[in-house]
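The values are calculated or read from the model by the stated rules, or taken from the named source; none is laboratory data. Keep in mind it's a predicted model, so treat the numbers as computed, not measured. Methodologically, a virtual Cβ is constructed for each residue, glycine included, from the backbone with ideal geometry; neighbour enumeration extends over all protein chains shown.
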Amino acid sequence: MRILIVEDETSIANFLRDGLVEEGFAVDVADNGKQGLQLALDYLEEYDIILLDWMLPGLNGIEICRNIRKENKAVPIIFLTAKDTVDDAVFGLESGANDYIRKPFSFEELLARIRVLMRKSETGVVVFSAAHIELNIEKHSVTKNGIPVELTLKEFSLLEYFLRNKGTVCRRTRIIEKVWDLHFDYDNSVIDVYINALRKKLDEPGKPSFITTIRGVGYKIESDE
């Protein structure tokens, strides 16, 4: 899953980026309003959450939020701000934000709010499955025929993306956009390494691979239908 952080305070932006990467998210960061809006509009279909500071150079968070909503995009937006009155919170929410968190805040609280919004956008789906594999987002767990499988954070994110899109071909460019970030130095071999690692952990002996290669295009997990 991919998150955009628009925050001009470097220490806060770095703290959030590092924490979210450790949780398995792909993260992009903009340090001013104009860059943040440009990224949001250019890659809006790729972002699952936008974390938006209110006070920013160039454009403030309210302007960014309103511009995103003018495009009729429903990507969840969480305001991060030192403004702490009820009127400020109401104003931010009425501008199109989904949630509002006051600085200073704990990372655990922010992470919980992110997960709540993601559950709402997914109509409550937290468990994805195909064939003999089941992935639980809330528990951050994967089982193979009911037996737990240990995955790295990036392996988990890659499998989650495949399962969310089972039955359709996941193109390499889309995999990079959703599982890695804008600063990733595109290299086909890196994707292949992670695919091979997943296959070793998830495939069953003597059966076709759980992840099908669509030569020259990408990969696919077959639908159960």
- Within segment 87-107, restricting attention to residues that are of a type in the set (Phe, Trp, Tyr) and buried (at least 16 other Cβ atoms within 10 Å of the Cβ), which residue is farthest from the chain's Cα centre (by Cα)? Phe91
- Quick one: in segment 130-154, which of the residues that are surrounded by 16 or more Cβ atoms within 10 Å (Cβ to Cβ) and under 14 Å from the mean Cα position of the chain (by Cα) is nearest to Asp203 (Cα to Cα)? Lys154
- Note on the structure: Of the conditions (1) under 24 Å from Tyr161 (Cβ atoms); (2) aliphatic (A, V, I, L, M); (3) not in a helix (DSSP H, G or I), the single one that Leu110 does not satisfy is (3)
- Task: Scan the helices (runs of 4 or more DSSP H) fully inside segment 135-221 and keep the ones with 2 or more residues being closer than 24 Å to Arg113 by Cα and of a type outside the set (S, T, N, Q).
- Result: 153-164, 172-179
- Query: Among the candidates Lys83, Lys73, which residue alone is surrounded by fewer than 19 Cβ atoms within 10 Å (Cβ to Cβ), outside the structural domain of Leu158 (by TED's automatic domain parsing), within 17 Å of the chain's Cα centre (by Cα) and not polar (S, T, N, Q)?
  - Reply: Lys73
- Note on the structure: (1) farther than 27 Å from Asn165 by Cα; (2) touching a helix residue (DSSP H, G or I) at 6+ places or on another chain (Cβ under 7 Å) all hold for Lys34 apart from (2)
- Query: Which of the residues spanning segment 40-84 are touching a residue at least 40 places away in the same chain (Cβ under 8 Å) and either under 21 Å from Lys178 (Cα atoms) or in contact with a His (Cβ under 8 Å, 6 or more places away or on another chain) (or both)?
  - Reply: Tyr43, Glu46, Tyr47, Asp48, Ile49, Ile50, Leu51, Leu52, Ala74, Pro76
- Here are some residues: Asp31, Asp42, Asp53. Which one is surrounded by fewer than 16 Cβ atoms within 10 Å (Cβ to Cβ) and not β-branched (Val, Ile, Thr)? Asp42
- Item | Selection within segment 177-225 - at pLDDT 90 or above, surrounded by 11 or more Cβ atoms within 10 Å (Cβ to Cβ) and among the basic types (Lys, Arg) | Arg199, Lys201, Lys220
